[in-house]
1. Being touching a helix residue (DSSP H, G or I) at 6+ places or on another chain (Cβ under 6 Å) and within 24 Å of GLY119 (Cα to Cα) narrows it down to one residue among ALA92, ALA96, ALA37, ALA12; which is it?
2. Is there any pair linking a residue in segment 118-135 that is of a type in the set (Val, Ile, Thr) to one that is modelled with pLDDT of 95 or more and in a helix (DSSP H, G or I), with Cβ under 6 Å and at least six apart or on different chains, and which?
3. From GLY61, GLY102, GLY70, GLY97, which residue is out of contact with any Leu (no Cβ under 8 Å at 6 or more places or on another chain), without any contact (Cβ under 8 Å) to a residue 12 or more places away in the chain and open to solvent by less than 40 Å² (accessible area, probe 1.4 Å)?
4. Look through LEU135, LEU159, LEU120, LEU115 and report the one residue that is within 23 Å of TRP66 (Cβ to Cβ), touching a Pro at 6+ places or on another chain (Cβ under 8 Å), of a type outside the set (Phe, Trp, Tyr) and surrounded by 12 or more Cβ atoms within 10 Å (Cβ to Cβ).
Amino acid sequence: LEMYKNRSMENALTDLLPRSMIPVVLRRLEVDPAMQANALTKQQRRALVELLKGFAVEITGQALFWVSLGMVGYAMQNILSRVYFARQNGRAPLVAGAISIGVNVVLCMVLTDSLLVNGLAIASAASSSVYALLLLVPLVREDKQLLAGGFVSDLVKMLLATAAMAFSMPFMIV
């Protein structure tokens, strides 16, 4: 910061952080982006260092929690799209994928302003689940026996494993 002591905090951090991260860091520090770098107190400098040290682990852990909740949807859409391709029907996964991308884009726009990286992770998890549902519903309508037998028990196992992984994440982050 010594090099940029007469610049605003927003500009002083450009060599240290990606441009999109600067407002997030300043918001967490409760520092005005227009404040000059040389006006930063010793306590605020220490807080900045501590924030940057723990930032990557905290953000990664939170995002991983939300992404892990979408793993069932991702696994199902991966399997179900192959069912469609095996039946020589590539149109259904294409349409479902396009809708899923649209859901992802809309959710990203809505959630990233308030939830930042977590918003991206939630959007990704939700869109993969939407994709899986868009593939599953027509198959179930066509073949009622699809949900019989081991499919439902396997799905429940995947849901339990995903929930266990998601809720154990806070304990795994050091």
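1. Values: ALA92 fails: within 24 Å of GLY119 (Cα to Cα); ALA37 fails: within 24 Å of GLY119 (Cα to Cα); ALA12 fails: within 24 Å of GLY119 (Cα to Cα).
One residue alone meets the criteria, ALA96.
2. Here the result reads VAL130/SER100; VAL130/VAL103, each pair linking segment 118-135 to a residue that is modelled with pLDDT of 95 or more and in a helix (DSSP H, G or I).
3. On the way: GLY61 fails: without any contact (Cβ under 8 Å) to a residue 12 or more places away in the chain; GLY70 fails: without any contact (Cβ under 8 Å) to a residue 12 or more places away in the chain; GLY97 fails: without any contact (Cβ under 8 Å) to a residue 12 or more places away in the chain.
None of the other options fit; the residue is GLY102.
4. When all the criteria are applied, what remains is LEU135.
The values are calculated or read from the model by the stated rules, or taken from the named source; none is laboratory data. Computed from a prediction, not measured in an experiment: that's the story for all the values here. Here the Cβ is made from the backbone with ideal geometry for all residues, glycine too, and neighbour counts use every protein chain on show. Surface accessibility is based on the protein's heavy atoms, side chains included, excluding ligands, DNA and RNA. Shrake-Rupley method; radii C 1.70, N 1.55, O 1.52, S 1.80 Å.
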